[in-house]
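Single-structure report; data block below.
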Amino acid sequence: MIQVLFVCLGNICRSPMAEAVFRHQVKQAGYEAMIAIDSAGTGDWHIGHPPHQGTRDILELYHIEHKGLKARQVRPTDFVHYTYIIAMDESNVRNLASFEPAPIDGEKRASIHKLLDFAPSRTNKDVPDPYYTGNFQEVYEMVEESCERLLAYIIEKGNL
């Protein structure tokens, strides 16, 4: 099974949006039994909280399920458990290093990417944080495009 973890700072705006959008796309494509999806934050401020109201509003606008999503923090075991860790920006890629345990010989490790690496048309490779900008629609468009291409990448790799 392929396991994908989306990561942002607080796990209430961007990464839960990506989790819900990707889960929706995976289900529509018929791969829900083969791809597990979660999200987490590098910060611990919002652990146990649902997604930000702006994230919930945009997901509801597009009829994407988000019920039951709760913020959690990245864990060292995530680097072994997940196939892909998808960060929302360069800052979170750097923050992930503080959680990553030392490698053990022969241990499978997650492949770390930025979400917008999967959107070649985008020149800026950091998803802006709508917690500060309020632009949930812009973030949704970035997330939707990138998640579609991430799914295509996973299918192309033939890991399903």
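The values are calculated or read from the model by the stated rules, or taken from the named source; none is laboratory data. Here the structure is a predicted model, which is why all the values come from computation and not from measurement. Accessible surface is based on the protein model in full, side chains and every heavy atom, while ligands, DNA and RNA are left aside. Shrake-Rupley method; radii C 1.70, N 1.55, O 1.52, S 1.80 Å.
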Quiz item: Just the accessible area per residue of segment 1-57, please: how many Å² with a 1.4 Å probe?
Solution: 37 Å²
Quiz item: How high is the relative contact order of segment 1-123, in percent, counting Cα pairs under 8 Å that sit 6 or more residues apart?
Solution: 30 percent
Self-check item: Cα extents of segment 85-160 along the three principal axes, largest first (Å)
Solution: 43, 31, 18
Quiz item: Can you pull the semi-axes for the chain, root of five times each eigenvalue of the Cα gyration tensor, sorted largest first, whole Å?
Solution: 22, 19, 15
Quiz item: How about Lys67: which lysines have a C-alpha closer than 19 Å to its C-alpha, ignoring those fewer than 8 places off in the same chain?
Solution: Lys27
